[in-house]
Structure formats: C-alpha cells, structure tokens
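Worksheet: the structure to be examined is printed underneath.
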Amino acid sequence: MFPIRGTTRLAPTVTRLVVEAPRIARIRKPGQFVIVRLGEGAERIPLTIADADPDAGTITLVVQRVGNSTADLVALEVGQALQDVAGPLGKPTDLIERGRAVCVGGGVGTAVVHPIAQALSAAGIEVTSVIGGRSREWVIYEDELRAVGEVVVCTDDGSHGRKGFVTEALSELCAAGGLDAVYAVGPVPMMRACAEVTRPYGIPTTVSLNSIMVDGTGMCGGCRVSVDGTNQYACVDGPEFDAHQVDFALLADRLTTYREFEQRSAVPAAPAAGTARCAAEVR
Amino acid sequence: MDAMTQDDRAGEDGSAPERRGTDGAPTARPHAHGAGRERRTARGGLSTKERMAIDRQSMPAQDAHDRAANFGEVNLGFTEQLAMLEAQRCLLCKKPTCIEGCPVRVNIPQFIELLARGDLAAAASSLLSDNALPCVTGRVCPQESQCEGVCLRGRTLRGVPGEPVAIGHLERFVADWALEHADQLNGVMPEPSGRSVAVVGSGPGGLTAAGELARRGHQVTIFEAFHAAGGVLVYGIPEFRLPKEIVQVEIDRLVQLGVEIRPNSIVGRTYTLAELREEFDAVFVAVGAGLPVFMNLPGENLKGVYSANEYLTRVNLMGAHRPDARTPVLTGKRVAVVGGGNVAMDAVRTARRLGAEDAVIVYRRSRDELPARLEEVHHAEEEGVRFQFLTAPLEVLGDETGWVQGLRCARMELGEPDESGRRRPVTVPGSEFVVDADLVVVAIGTRANPLLTQASPDLPVNRWGYLVADEDGRSALPGVFAGGDIVRGAATVILAMGDGKRAAAAIDEYLRGLPAAAPVTADAG
C-alpha cells in the first residue's frame, strides 16, 4: 500500500497528492511517470511525477478530475492509501546542458513541467516559465516555478498575469532570441501551437504526450503515437518527444476514444486551460 | 504405499476430508519404480483388449449458445467416474512416448495409473512433483501436438483412426482434485538452502521456476510489473478458458512455499538487473515477449483498432466486461480479429461474449495452417465465430470521425512452403474486397519486451531483441538465467514452463557450486 501523506486543492478540479513511495522518490527523474491504481477493480491511471522528496520518501502527483476514476483520486484524504503505484516509467527528460530554456505549462501540464524546470535550474540553465490557465483559480505551481526562475503567467480572461494564451508569450520570447530549448506540457492544442511557434526559429522543442495506456510498459500498444511518420509508444519510447515531429491531430483524435464512457461518468466536465479537455488529461 | 484405506475413499469424494489429521495423512508419494513394476500385475484387472475397448470420453462443456454470452469456463471438467474410465484407456506403454512429448516431462502413465486405481492423492502428488501448474496446463496446453500427439492410442489401426488418451483432461481432473484436497497432500516445507533467487516476471516460466527453486529450499522473490501476478495467465488467457481463481490458487501455493511476490516492480525501471545481481545469488529472467506487433498498414491508428494484448488485458486483467468496471473497453457489433493463433481465438471469442453479432477471424492461410489449439478452433466455431481464411488485410478503413469501418483485404492462395514449412500465402490479383468491422483486433504476434534488456547493456541479445541463453537458460552473465518467450520468442505456456523447470535445475546446480557464504557478522549485517 502507498499511503497518502498530504493533499492540497490547487484548482477547482485539480488536487495535489503527496504519496509515500520511497523507492520511486529516490530514483525517479524529471519527465517520468507512475501508474496508480486506487484499489480492487480500479482503473490503472498514468500520472507524471510532479515532484519528489527522497528524504521523506514521497512523490507528488497532480490529478485533474475528468471521470469517475480521477474523481476517486481527487477525493483521497490523508490516512487513505493507493493500493498500487508502479514506476518510475517512461524515459527521463532529455535536458539541455547549457544555455537558456523556456518551460511552458498549460493547466495540469504545469505540474508536469515543474520537475523539468527544477532540474534545468539545478544544472545551471536559465529558465523562464510560461504558465497558463483559464482564469486565476486555474493557475497552478506558480510559486514553485518562481523558485527556479522567472515566471510569465497568462490567463484567458486576464484575471491573473497577462491576458491571452501561453503561445503569445512564448512567441515573444522566441523573437527576442537566445533560446536553446523549449519544454511544453499541456493540452494537445496548446502543445501543438507551441510546436508551431518554435518551428520557424528552429528551437528544439520537447512535449510530453498523455496518450491512453493500460500497462505503461509497452505491452498494450494503446499509447501509440506517430512521431516523424513512425509509430512510437508513449510509455516506453516517451512520454517526451520532439514536438516538431509529433502528429498532434492523430493524438487528439485517439484521446477521444473513450469520450462516450467518460460522459457516462457522473462528474461534470471542467476544462482546465481554456483550450481543450481530453480523455487522459489527468497529469 | 498403494493400499487404499476406507479413510482415503471417504476423503476423496469430499464427504469427510476434515477427519484426516496428520497421522491419517495419505502416503501420497508414489514409488517412481513401484508404479512401473505393478503395471504387469495390477492393471486394475483390465487386459489390454479391455482397455482398447473403451472409447475416449468427451469433456462435458457449457452449451455453445449459452456460453457465447457469458465468461464462465467452457469446459466443465470430468467427473471422477469419467476420469477413471478415461484413465483405464491408457495402455501403460513400456516406453511411454507421451513423457517425451511433454515439455516438462510429466510422468504421465504414472499419474494416470494411480488415477485409474482410484488413488487420487497419490496421482495428485505424482503430477505435482513434475508440474508446478497442472491446473493451468491441463487447460491450455496444445496436447494434440505434444503428449496426445504421440499417444499410442491415437495411432490408426487397420485403417481405423485411433483416439489418444485425453491426457490433458485427466491432468486437469487430477490437478483440480488436488486444489480441493490440499489437506490430503503432504506439503513438507523444504530445508532452507541459505541462497536467494530473483525471478523477473510471474508468467508461466517465472512461476514454474519459482516453484521448483522454492521446493529446493531457495528463497525466491518474484518481481512483477503489473499489480497482479500471473503474467499472460491473467492478462492474456480469458476467464472462459482459464478461470483467474485457479491461477490465483496456483500462485497461493507458491506463496505458501515461501515465495515472495513483489508487484508493481518493473525491472529495467523500478530496479536494475545489476541491483538484483547484488541482492540475490542468482536471477531468472522470464519477462516474456509482451510487445504487440501491428500490421504496419494504413489506418491502423484509427480509433477502434486494438492490439490483442490491449483488448484482452482490458477484459481479463482489468475486468472491463463487468458492469461496474472502471476500465472501459470498446465493444463492436462486427468485430474482425486478424490472426490465427490462440490469442486470436481468445480475442474473437471474447468479442462474441461482449455482444458482437459478427465475430470473424481474418487469416491469410487456410484452416490447416491455423496455429491455434484444435479445441479452441472447435469451440470458436461452436460459438458462432466466422472464419475468413486465405484473406490478408491491406488497409484499415475509417469513417470521417476517425473510427474504424472495416478492412480492405485481398484473397490469398497458398504457394510453396516457406522457411517455417507452412505454405506461403500469395495474393490473388484483383481479388480485393472489404470485411466490414466496427472493431479490429490485431493478433498477429508479439515481440521482446525491451525494458529489462535496454537497461542491462551487458546482457547479450540477438538481432530481434531476445535474450541469448543456452538450453538450460544460462546467459552470458554468471548467475543470470533466462527462459520463456524472452529467449525463444512468442510460444506457449508449456514451453515457457519447460524452460522454467530446466533453468531451475541449472540455477540449483549453480547455487550449489557457489563458495559457502561468509557467516553474517554483526558488523557486516
């Protein structure tokens, strides 16, 4: 069993869980994920590790309520436990070794980009984070990212930071020059738009893909994505890929596979970043 | 040893098993040689002629129409009466070819003779000493190409085709009896050897090796990537063919032997092979060939195209067919399954049970080349599965919303035999047609799982990513052994079990050859 050591409501449907998982806390690297299962009969849910404390033996997971299964996770309280946590899974982020990087986070994707920004900063990279949400209450991980560099906050309604999409701020940073890498995690349309922003500048851009998966070890093939025209498995070949090679339209379409099942779930939909909501948008 | 007391009989039909205390425990271990000697004197009174006169007993099964709508087990199992009658068909050959035909070398005539005599406890002990998972193999082995394939009774005599002894059904009967009468089998805990072995993967190969090693007194820890142990036995093979409850009992038996199972442990991610080699005296790698192979055809990424692995895992492991399931699975009215092996049969029969009106196997060769077990093909046909032979998909067709609509296929004809000895299918020009389908399941094979091997660069693999190991499972690294699909490529449960058994013997030998462990001192501890 993996006890819950802390829970924090970050946004209306987004909760941060601190979970005791000592081994994973010790060995996980930025970009990696776990698959959790609440208990008997529960679904296996992939969640990117947002943070870890090796001394306390805990990892941090950020969950957005999308359907029944994520609703159960969001409702967890200290004293309860996850039956299964498997990982760390996926390949770690390919971090640049010198220069300047921009980390773009949309909605819960901001929690995923956080460990990347942390690691870059720790390696001496100058990091600027561009994070977005529909409105003030949907912006998460702002303070944590300020601890590792400059942060530009964007909201759709202008209720916090600047009004507009993260892509506009990213575009300005690209135009100003001097960027060596961009890491973007968020809803598919946001990642796709970021890829188009950086493409003309030739800035290496990494995205973390949230495709649907069961086992997370390469066995189901459900998470297959097309990268540079060939199929890759997000769970073992990714989850991070070169944004300029990803077929985002295919990914977005495949993410709607179980929409009918989710709509049957009792939980009302709650869009995160004002762009799109998708099936596996739980990290 | 052979005497059957009234007590034994009472316990056998379940009427009074509780009465058996430790002093009343049956003497369950048969003499390996004794059974052979008695063959000539105590054949239960039957002559060869009398044995030859008994027809093969058929397996009681759920009605095909009923079962095509439920997940209950298809075969219902022999009654004791049927089992004993069938057992009497065995001619107790002096040179039993059936043992040679069995990848784990079960002493088949011995357990069958004990069964024919009604000594079920002895039959069970005999079987269990040879085979760690008899409930499983009695249900899923391709007996027709192994033990039953070489059974003397299967030979054609004077133009009349024979019928082999139903060894698989008898194995199942004895193994199931053993599950229900565990109290009548003497479970002696082995003397601890002081050695430890890590087994990576809890499929049939890993479980077999674990059982064999634990019975030799070694401390075994199994590392399993999923949340539940069993590997392909739980995620791959459906409930209607192998009830998960039975797999669990077999696993529980290992746990009782002292085997530790660590779920959620992915070697290559959670642990490295190097760490396991540090912590354990030996490692057995049996991670399987779990990566699905796709057809590489246009349209294969459309919604509604599953690998068989994904489709079966959602149903078998995650229970997606249950009304209260949290894990979804797509269901179709017209389901096309591409492939002709056991996995394809499992998938297409699952589709029928999930409500498919048209469930069709699309296979590029003909019926004669189907690699699936005969019984699975028969069962599928009885359940209304359609077979589209000599048909090869060219493209997966979709609608404007990205959902699969069908398969564009070509008709094939069989040409010259290829390197596998099977006749190579050749496209018939101008023969294209469409198989309508709202769900497509690709069951054309699997390949090596790369997680462990990629993280262990010092472990040699071949060009297909399979581990290189000798016949007894020894890899190039001292103390590291491997077997099952990760060595031989996708094969059967029983072949993986055979590998596990042989590797366990080699591991045991290796462990015995190790220098005596230094005594643990307070400082070192």
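The values are calculated or read from the model by the stated rules, or taken from the named source; none is laboratory data. Note that the structure is predicted; figures quoted are calculated from it, not measured. Please note: Cβ atoms are built from the backbone with ideal geometry, for glycine as well, and neighbour counts cover all protein chains shown. Note: accessible area is taken over every heavy atom of the protein model, side chains too, but ligands, DNA and RNA are not part of it. Shrake-Rupley method; radii C 1.70, N 1.55, O 1.52, S 1.80 Å.
A few comments on the model shown:
- Among the residues of the stretch B:238-259, those that are open to solvent by 10 Å² or more (accessible area, probe 1.4 Å), under 19 Å from B:A61 (Cβ atoms) and not in a helix (DSSP H, G or I) comprise B:E239, B:R241, B:P243.
- Failed criterion for B:R139 (all others in (1) open to solvent by less than 30 Å² (accessible area, probe 1.4 Å); (2) of a type outside the set (S, T, Y); (3) at pLDDT below 95; (4) out of contact with any strand residue (DSSP E or B) (no Cβ under 8 Å at 6 or more places or on another chain) hold): (4)
- Residues that are of a type outside the set (G, A, S) and over 16 Å from the mean Cα position of the chain (by Cα) were ranked within the stretch A:96-120; the one that is farthest from the other protein chains (Cβ to nearest Cβ) is A:R100.
- Being over 30 Å from B:F223 (Cβ atoms) and without any contact (Cβ under 8 Å) to a residue 60 or more places away in the chain is a property that holds for B:G421.
- Here A:G238 meets each of (1) of a type outside the set (V, I, T); (2) in contact with a Pro (Cβ under 6 Å, 6 or more places away or on another chain); (3) within 30 Å of B:V267 (Cα to Cα); (4) in contact (Cβ under 8 Å) with a residue 60 or more places away in the chain with one exception, condition (2).
- Odd one out for A:N231 among (1) touching a residue at least 40 places away in the same chain (Cβ under 8 Å); (2) open to solvent by 20 Å² or more (accessible area, probe 1.4 Å); (3) not in a helix (DSSP H, G or I): (1)
- Only one of the listed residues (A:I24, A:I49) is within 12 Å of chain B (Cβ to nearest Cβ), in contact with a strand residue (DSSP E or B) (Cβ under 6 Å, 6 or more places away or on another chain), closer than 11 Å to A:V85 by Cβ and among the hydrophobic types (A, V, I, L, M, F, W, C). That residue is A:I24.
- Residue match in the stretch A:247-259 (condition: within 14 Å of another protein chain (Cβ to nearest Cβ), open to solvent by 20 Å² or more (accessible area, probe 1.4 Å), assigned to a loop (DSSP other than H, G, I, E, B) and under 25 Å from A:V102 (Cβ atoms)): yes
- Options A:S226, A:S159, A:S171, A:S208: the member that is within 14 Å of chain B (Cβ to nearest Cβ), in contact with a helix residue (DSSP H, G or I) (Cβ under 6 Å, 6 or more places away or on another chain) and not aliphatic (A, V, I, L, M): A:S226
- Test result for B:L114, in contact with an Asp or Glu (Cβ under 8 Å, 6 or more places away or on another chain), open to solvent by less than 20 Å² (accessible area, probe 1.4 Å) and in contact (Cβ under 8 Å) with a residue 12 or more places away in the chain: no
- Boolean, B:V283 is buried (at least 21 other Cβ atoms within 10 Å of the Cβ) and either at the interface with another protein chain (Cβ under 10 Å from one of its Cβ atoms) or assigned to a strand (DSSP E or B) (or both): yes
- Yes/no for B:R139 being out of contact with any His (no Cβ under 9 Å at 6 or more places or on another chain), under 26 Å from B:G206 (Cα atoms) and among the basic types (K, R): yes
- The set of residues in the stretch A:52-87 that are at positive phi and open to solvent by 20 Å² or more (accessible area, probe 1.4 Å) contains only A:G79.
- Only residues that are facing chain A (nearest Cβ under 9 Å), assigned to a loop (DSSP other than H, G, I, E, B) and open to solvent by 20 Å² or more (accessible area, probe 1.4 Å) were counted in the stretch B:294-340, giving 8.
- Condition check for B:E275: within 14 Å of chain A (Cβ to nearest Cβ), open to solvent by 10 Å² or more (accessible area, probe 1.4 Å) and not in a loop (DSSP other than H, G, I, E, B): yes
- Residue in the stretch B:185-202 that is in a loop (DSSP other than H, G, I, E, B), polar (S, T, N, Q) and more than 14 Å from chain A (Cβ to nearest Cβ) present: yes
- Number of positions in the stretch B:383-399 that are of a type in the set (G, A, S) and closer than 21 Å to B:D368 by Cβ: 1
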